[in-house]
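Engineer: First, the structure itself, so that you have it in front of you.
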Amino acid sequence: TQNGGNWYCAGIIAQRSMGYGKYIFYINSDVTTLDQNVVAGLFTYLTDKEEIDIEFSKWSMPENMNAQFASQPSESVGNKKRFNIPAAVGPTVHFFDWQSQHILFKSSYVDAKAMVHTIDEWAYTGKDIPKEKTEKLRLNLWLFKGQIPSDLKEQEIVIDSVRFIKQQ
């Protein structure tokens, strides 16, 4: 949001670490309408190299895909998968299932006939799977490189709920 000529971003951090398990995010807004300079992040974080992400952003490139799964550092070859979420599919569900040997990611939506459609999925088995430590779940909406929205409009993402299922 913009107030008094300054732009402000939002974020929340869980109070405790939850560790390995399935993190599920129920999104009730069209993430394809986010401005090209805005990033919505759903992630666990300990350090910049110990982070698991689901992010919605075009990263300031209008023709870029609008979503990605990543295990940081995302600039390492094979550590992220970019994909497009189609416009106007309605509410979406996204998750990552973080285990010691892999991270499974999936984005989907349910149509009017209650059919589940996979938008994209990915199994990450690379060398940068974070170990369970004191990382915390974070949700944020921020401006990429501090760039204000190109359309100068306030931005939002509606998250109906977040669910965590502990590894058995």
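Engineer: Filter segment 116-164 down to residues that are assigned to a strand (DSSP E or B) and of a type in the set (V, I, T) and give me whichever is nearest to G78 (Cα to Cα).
Structural biologist: Here the residue is I119.
Engineer: Here are F105, F69, F95: which of them is in contact (Cβ under 8 Å) with a residue 12 or more places away in the chain, out of contact with any Lys or Arg (no Cβ under 6 Å at 6 or more places or on another chain) and part of a strand (DSSP E or B)?
Structural biologist: Being in contact (Cβ under 8 Å) with a residue 12 or more places away in the chain, out of contact with any Lys or Arg (no Cβ under 6 Å at 6 or more places or on another chain) and part of a strand (DSSP E or B) holds for just one of F105, F69, F95, which is F105.
Engineer: Taking segment 119-168, which residues are modelled with pLDDT of 95 or more and of a type in the set (S, T, N, Q)?
Structural biologist: Answer for segment 119-168, where residues must be modelled with pLDDT of 95 or more and of a type in the set (S, T, N, Q): T125, T134, N140, Q147, S150, Q155, S161.
Engineer: Determine which member of the set K133, K113, K127, K145 is closer than 21 Å to N64 by Cβ and surrounded by fewer than 16 Cβ atoms within 10 Å (Cβ to Cβ).
Structural biologist: Only one candidate qualifies: K145.
Engineer: If you check A88 against the conditions, is it on the phi > 0 side of the Ramachandran plot and touching a helix residue (DSSP H, G or I) at 6+ places or on another chain (Cβ under 9 Å)?
Structural biologist: Yes; evaluated as a whole, the condition is true for this residue.
The values are calculated or read from the model by the stated rules, or taken from the named source; none is laboratory data. Since we're looking at a predicted model, the values are computed, not measured. All Cβ positions, even for glycine, are placed from backbone atoms using ideal geometry, and neighbour counts span all protein chains on display.
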